[in-house]
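Asker: Sending over a structure as structure tokens; questions will come in a sec.
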Amino acid sequence: MKTTRTITHIWQSQPTIEGAGVHLKRAFGYSQVPQLDPFLMLDDFHSQHPADYLAGFPWHPHRGIETVTYMLRGEVEHGDSLGNRGVIGSGDVQWMTAGSGIIHQEMPQKTEGDFQGVQLWVNLPASHKMMPPRYRDVSTSQIPEITLESGVRIKIISGNIGETVGPVQDIVVPIHFLDVLVPAQTTFIHPVNAEDTVFVYVLESQGNFAPERSELIPAERLILFAKGDQIHVSTHTDPVHFLLLCGKPLGEPVAWRGPIVMNTTEELATAFREYHEGTFIKHGEQIRKM
């Protein structure tokens with residue numbers, strides 16, 4: 001008998017300002033650790049007003065985490081301290097493993113109409129905090145999309161559904177990252193690993209995410225589930241569009257300040273001292289684009 005997951009928490013994303021003045025919504029962050037282990041943060045930048053996002057995220061360091069940027073609409077130019085450059089366009093993903101340290105920038109470009117993307121932070125285990133940095137640019141054409149018999153459409157960024165596997169593989173903390181659209185008057189039941197942390201972030205419209213609860217949960221809400229073997233999503237007169245994230249908890253201590261996440265305060269102090277001394281980058285010659 002499969003156990004359907006119940007909902008333990010629902011959070012509404014909160015307005016905040018990051019970078020050089022980017023207005024965004026934080027779905028979760030520091031205050032929710034360790035409830036969403038191995039996930040650390042999810043930001044939703046969504047606006048029709050270029051003044052909200054054009055200031056961007058100028059040069060800043062990361063260590064000890066992976067950052068996953070998924071653009072739904074619009075473009076972001078990016079570059080790093082090792083000379084890598086590129087553009088993340090609509091439907092594209094950048095999966096960057098900061099490891100021992102990288103300095104980069106992300107600069108949104110002016111878009112007519114909606115500009116929307118999300119950035120997810122995934123923790124690295126202590127054994128990989130100081131690994132060589134790497135990144136993957138994944139174009140929308142590389143991301144498989146399947147349509148179930150029910151009409152549910154799923155883009156698989158990482159993980160798999162049956163024999164269909166997402167393009168982001170060989171990652172340190174295996175996670176499932178799915179973009180799901182459930183049509184109106186449809187039920188979607190999806191199996192998950194029983195011990196994984198599982199959450200949904202609603203991007204558009206509304207849906208029911210647990211059969212024991214009657215309310216429809218709208219956009220800009222994050223839904224964290226209890227343990228179980230599957231999630232149950234249903235819709236009424238409207239479709240619902242959401243991100244589904246699943247990952248195995250690390251169960252390790254978290255020491256976090258700004259863009260750097262380590263296991264101890266001593267490691268944090270070392271990282272910031274090295275950044276100010278100019279010795280932050282450890283594996284420049286080994287970084288690779290995948």
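Asker: Rank LEU245, LEU268, LEU222 by mean-square fluctuation in a GNM of the chain with C-alpha springs under 10 angstrom and give only the top-ranked residue.
Answerer: Fluctuation is largest for LEU268.
Asker: Now for a different question. Given R₀ = 35 Å, what would the calculated FRET efficiency be for GLN35 paired with GLU112, taking r from the Cβ atoms and rounding to 0.05?
Answerer: Calculated value: 0.35.
Asker: Ranked from highest to lowest mean number of other Cβ atoms within 10 Å per residue, what is the order of the peptides 175-185, 91-101?
Answerer: In decreasing order of mean packing, 175-185, 91-101 become 91-101, 175-185.
Asker: I would also like to ask the following. Helix-only estimate, please: 222 nm mean residue ellipticity of the chain, summing -39500 (n - 2.57) across DSSP H runs of length 4 or more and dividing by its residues, to the nearest 500.
Answerer: -1500 deg cm²/dmol
Asker: Could I ask something else about it? Using label points projected 7 Å from each Cα along Cα→Cβ, tell me how many nm separate THR187 and ILE161, to one decimal.
Answerer: The answer from the label model is 1.8 nm.
Asker: On to the next question. Loop-only trypsin sites (Lys or Arg not before Pro) in the stretch 206-290, please: DSSP not H, G, I, E or B, and at most 13 other Cβ atoms within 10 Å.
Answerer: ARG213
Asker: Taking 0.36 nm per residue of sequence separation and subtracting the Cα-Cα distance, how much length would be gained by fully extending the chain between ALA226 and THR6, in nm to one decimal?
Answerer: 78.7 nm
Asker: Quick check: residue separation of GLN169 and ALA51 times 0.36 nm, minus the Cα distance between them. What number comes out in nm?
Answerer: 38.9 nm
Asker: LYS248 to THR16: extension gain in nm, 0.36 nm per residue of separation minus the Cα-Cα distance?
Answerer: 80.7 nm
Asker: Continuing with this model, one more query. Please sort 130-140, 38-48 by packing, taking for each peptide the average over its residues of neighbouring beta carbons within 10 angstrom, highest first.
Answerer: 38-48, 130-140
Asker: Follow-up. Tell me the angle of helix 265-277 to the major Cα principal axis of the chain, expressed in degrees between 0 and 90 and rounded to the nearest ten.
Answerer: 50 degrees
Asker: What number comes out for the charge environment of THR264, summing +1 per Lys or Arg and -1 per Asp or Glu over other residues with Cβ under 11 Å away?
Answerer: Charge balance in the 11 Å sphere: -2.
Asker: Which distance in Å, rounded to a whole number, links the C-alpha centroids of the stretch 164-206 and the stretch 250-279?
Answerer: The stretch 164-206 and the stretch 250-279 have Cα centres separated by 30 Å.
Asker: Sticking with this one: Name the residue, out of SER90, SER13, SER150, whose mean-square fluctuation peaks in a Gaussian network model built on the chain with Cα pairs under 10 Å.
Answerer: SER150
Asker: For an R0 of 41 angstrom, estimate the FRET efficiency from the Cβ-Cβ distance between ARG257 and SER214 and round to the nearest 0.05.
Answerer: 0.50
Asker: For a Förster distance of 41 Å, can you work out the FRET efficiency between the beta-carbons of THR237 and ARG273, rounded to the nearest 0.05?
Answerer: That gives a FRET efficiency of 0.10.
Asker: Provide the per-residue ³J(HN,Hα) series for the stretch 237-250, in order, calculated from phi with Karplus coefficients 6.51, -1.76, 1.60 and θ = phi - 60°, each as a whole number of Hz, with x at glycine and proline positions.
Answerer: So the J values, rounded to whole Hz, are 7, 10, x, 9, 10, 8, 9, 10, 10, 9, x, 7, x, 7.
We did not get these values from a lab; they are worked out from the coordinates using the rules stated. Predicted model only: the values in this text are computed from it and were never measured. Cβ coordinates were reconstructed from backbone atoms using ideal geometry, including for glycine residues, and neighbour counts include every protein chain displayed.
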